[in-house]
1. Mind pulling the angle between the C-alpha long axis of helix 71-85 and the longest principal axis of the chain? Nearest 10 degrees, somewhere in 0 to 90.
2. What is the calculated FRET efficiency for VAL88 to LEU68, with r their C-beta to C-beta distance and R₀ = 30 Å, to the nearest 0.05?
3. Hey, with R₀ at 25 Å, roughly what FRET efficiency would VAL49 and PHE105 work out to, going by the Cβ-Cβ distance, to 0.05?
4. 222 nm [θ] for the chain, helices only, -39500 (n - 2.57) per DSSP H run of 4+, per residue, to 500?
5. Determine the relative contact order of the chain: mean sequence separation of Cα pairs under 8 Å and six or more apart, normalised by residue count, in whole percent.
6. HN-Hα J couplings of region 8-19 from phi, Karplus 6.51/-1.76/1.60, θ = phi - 60°, integer Hz, Gly and Pro as x?
7. For mean projected area of the Cα convex hull in nm², the listed values are (1) 7.4; (2) 5.3; (3) 6.9; which was obtained by calculation from the structure presented?
8. Between helix 29-58 and the chain, what is the angle of the helix's C-alpha long axis to the longest principal axis, kept within 0 to 90° and rounded to the nearest 10?
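Only the coordinates and a few stated rules stand behind these numbers; no lab work does. The shown structure was predicted, so the numbers you read here are calculated from the model rather than taken from an experiment. With ideal geometry, Cβ positions are generated from the backbone for all residues, glycine too; neighbour counts draw on all protein chains shown.
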Amino acid sequence: MSSKVQAVLSYLGILWLLAFFAGKDHRDQFSSYHLKQGLGLIICSFIFVLILAILMAVAPSVAFIFNLCSLLIFILMIVGILHAINNVEKPLPFIGEYFMNKFDFIDNPRKK
């Protein structure tokens, strides 16, 4: 699996696992970067869904407005895919800076 394919798959939810495990032999700095950004997006979306579920149980009317904000996660996913397609190592807006130096287990295994 090429580095670019790994980078694109890293933003597609469960396909992140495919990119991580199937692309282990061909991982480079570019794919590692996008795998970290994609995992950060997955974690943030999971937390967002938990908060949304709690809000739906407590105040459904407020949850509806908050649910409209879930489009932001979809937009961040599209932005990440576009960065991967264009061979750009640019952090995702709002959350990308935080995940740039996290998840050391993703780094290139040949580098160690």
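1. 10
2. Working: r = 29 Å, r/R0 = 0.95.
So the FRET efficiency works out to roughly 0.60.
3. Values: r = 24 Å, r/R0 = 0.95.
Approximately 0.55, to the nearest 0.05.
4. -20500 deg cm²/dmol
5. Contact order relative to length: 34 percent.
6. 5, 5, 5, 9, 9, x, 5, 5, 4, 4, 4, 5
7. (3)
8. Its long axis makes an angle of about 10 degrees.
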